1. Answer yes if at least one residue in the stretch 433-449 is under 20 Å from PHE530 (Cα atoms) and surrounded by fewer than 10 Cβ atoms within 10 Å (Cβ to Cβ), and no otherwise.
2. Under the condition of being touching a residue at least 12 places away in the same chain (Cβ under 8 Å) and not charged (D, E, K, R), which residue from the stretch 295-305 is surrounded by the fewest Cβ atoms within 10 Å (Cβ to Cβ)?
3. So SER454 clears everything in (1) in contact (Cβ under 8 Å) with a residue 12 or more places away in the chain; (2) part of a loop (DSSP other than H, G, I, E, B); (3) exposed (fewer than 11 other Cβ atoms within 10 Å of the Cβ) except one condition, right? Which one?
4. I'd like the full set of residues that are surrounded by 15 or more Cβ atoms within 10 Å (Cβ to Cβ) and either in contact with a Leu (Cβ under 7 Å, 6 or more places away or on another chain) or without any contact (Cβ under 8 Å) to a residue 40 or more places away in the chain (or both), limited to the stretch 519-529.
5. Could you list, in sequence order, all residues of the stretch 500-526 that are over 17 Å from THR469 (Cβ atoms), touching a Ser or Thr at 6+ places or on another chain (Cβ under 9 Å) and not in a loop (DSSP other than H, G, I, E, B)?
6. Any chance you could count how many residues in the stretch 479-503 are touching a residue at least 24 places away in the same chain (Cβ under 8 Å), surrounded by fewer than 12 Cβ atoms within 10 Å (Cβ to Cβ) and not polar (S, T, N, Q)?
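The values are calculated or read from the model by the stated rules, or taken from the named source; none is laboratory data. This structure is a prediction, so every number in the text was calculated from the model and none was measured. With ideal geometry, Cβ positions are generated from the backbone for all residues, glycine too; neighbour counts draw on all protein chains shown.
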Amino acid sequence: MKSILHFPPLAVSILLFPLFSVGQQLKLGSTPSIINKASVLELESKNQGLLLTRITDTTVAPLTTAQDGTVLFYKGDNSLRVRSAGSWKKTLFAVDTIDIANFSVKVRSLFSGTAPITYSNGVIGISQASATTNGYLSSTDWNTFNNKLSTIDTTNIANFSVKVRSLFSGTAPITYSNGVIGISQASATTNGYLSSTDWNTFNNKLSTIDTTNIANFYLKVRSLFSAGSGITYDKVNGTISFSGSAGGWLLGGNGVAAVQNLGTTTNFDLPFITNNTERMRINATGSVGIGSSAFNATNPERLLVDGGTSTSTNLIRGQGTVNGSLQMGITNLHGGPNASVDVVASANNGSGSNFIDMGITSAGNGNGTVIGGGNTAYLYATGNNFVICNSTANKNMMFITGGTSSANEAMRIDGTGNVGIANTAPSAKLDVGGNFKLGAAGTVVSSMIKSSFSLSDGTTNITTTSSLTKTATVTGANVNASVIVNPRTALPQGLAIAYSFISAVNTITINFINTGAGAGGNQKLGTVTFDITVINP
């Protein structure tokens, strides 16, 4: 059976003593008789507050269907929540307006180039905000922010709406569109950031500024260049220059009074870069690499030139203008027994086997090979064929010894392939202009002449007891030369050449005999052509 608790009228009066109601208004707490006319419910206390319903889960009924305007305290994140548009939204307790003072000064400090304000190549921008970075809000962030702003009580911020309107008025340079805050580009009539093109134009115009009207301009320039007294300013023509005495280099060159150094003072290489690619390097040991810094590990080069993969056929090219010998010199200063200077060209597979070598040994070289000995110059190859060629038509290849005058020419191969030895105009495949020797057991001879002549005698009888002696001219024949005489046709029957010899310079004597042919032992020579070979001693 249920028990019913009854309160006497006096007890009810005592419980409701702090509560005072006027019409439809209700006040709890201190001075209940004094009620604000604009309020339905008023609370007043000097040491107590309003304790709202404390909820650990807002997803249970009937909270899921609560009316908009319902207020509760969510214990999940210790936040005050208001029901709005069918969902529980977090409210902000207060806004600190102290930071709004000196707003313009603080904005200026932001343009130092740190986030959220960015500055690069003359362009000022604002980076996008994130959970850890200040910046502008994207449209998505803005919508989220707006949803949260709906629960902010802006009545506590003096002139809040006015301040917001002034910041987001949409006038340059600050712009606002679809929740995105930006900075517009500057123009002749509009404030804003400078593009890279604007910046370059601005720099170009600076060259024509008359700085004489700027107080202490040169002092300001020095502070910007951080170079102390090395910066000088000519106020007559507006030229800023660097004297070079304080260290550093100018792009246009420096006037120096002594040797200046450019490089590193520590154990590091010095690379040279163009188009963001290394082109040359001086390594810490002093080797220079062009196109590569991969020096040979065993025999590192002092100068390495790597043309890489290229369509150019030029690796190294030297030129000059001098009325004299223009040369590329290589000298090995070591005079030891193995010292030499070599220029070597290797095949792609010839690092140790297929190459051509031109060089000269040192004065003290003791190599016993044919290319050894002191000051021996040589040219040799270890490839397949060894070709020495002059590919210009009708031009010669000459070999000279003992000097560079024309008299020192020892041999020539002319454009037709004739070889002249001591002969600058060879008329045969081998044309020797001096004496010669054939074979290891041969003897030296001065010349060999092949010629011909004709003899004619139809009256003189040649008998068995009476011979016929004839002479003929053979140009170039010398006394005591060896002679070979052959008739081009058969001699008359019974006739024979008894002997022949060079009887005088350019003269040959021939004797004919008859072995018994002819009528009564008589025979005539007639007309006969003879070929003759003369070998002069």
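1. No, the stretch 433-449 has no match at all.
2. Kept after step one, since they are touching a residue at least 12 places away in the same chain (Cβ under 8 Å), are these residues of the stretch 295-305: 295, 300-305.
Retained after the next criterion (residues that are not charged (D, E, K, R)): 295, 300, 303-305.
Details: PHE295: 18, PRO300: 13, LEU303: 10, LEU304: 19, VAL305: 13.
Among those residues, the one meeting the criterion is LEU303.
3. (2)
4. Going through the stretch 519-529, the residues surrounded by 15 or more Cβ atoms within 10 Å (Cβ to Cβ) turn out to be 521-525, 528.
Correct list: GLN523, LEU525, VAL528.
5. Selection gives GLY520, GLY521.
6. Total meeting the criteria: 2.
Matching residues to (1) modelled with pLDDT of 70 or more; (2) under 18 Å from THR175 (Cα atoms); (3) among the hydroxyl-bearing types (Ser, Thr, Tyr); (4) assigned by TED's automatic domain parsing to the domain that holds LEU72:
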residue	(1), (2), (3), (4)
LYS106	no, no, no, no
SER112	no, no, yes, no
ASN121	no, no, no, no
ALA131	yes, no, no, no
GLY135	yes, yes, no, no
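Conditions tested, residue by residue: (1) more than 30 Å from the chain's Cα centre (by Cα); (2) of a type in the set (Phe, Trp, Tyr); (3) not assigned by TED's automatic domain parsing to the domain that holds ALA381.
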{"site": "GLN319", "(1), (2), (3)": "no, no, yes"}
{"site": "VAL322", "(1), (2), (3)": "yes, no, yes"}
{"site": "GLN327", "(1), (2), (3)": "no, no, yes"}
{"site": "THR331", "(1), (2), (3)": "yes, no, yes"}
{"site": "GLY335", "(1), (2), (3)": "yes, no, yes"}
{"site": "ASN338", "(1), (2), (3)": "yes, no, yes"}
{"site": "SER353", "(1), (2), (3)": "yes, no, no"}
{"site": "GLY359", "(1), (2), (3)": "yes, no, no"}
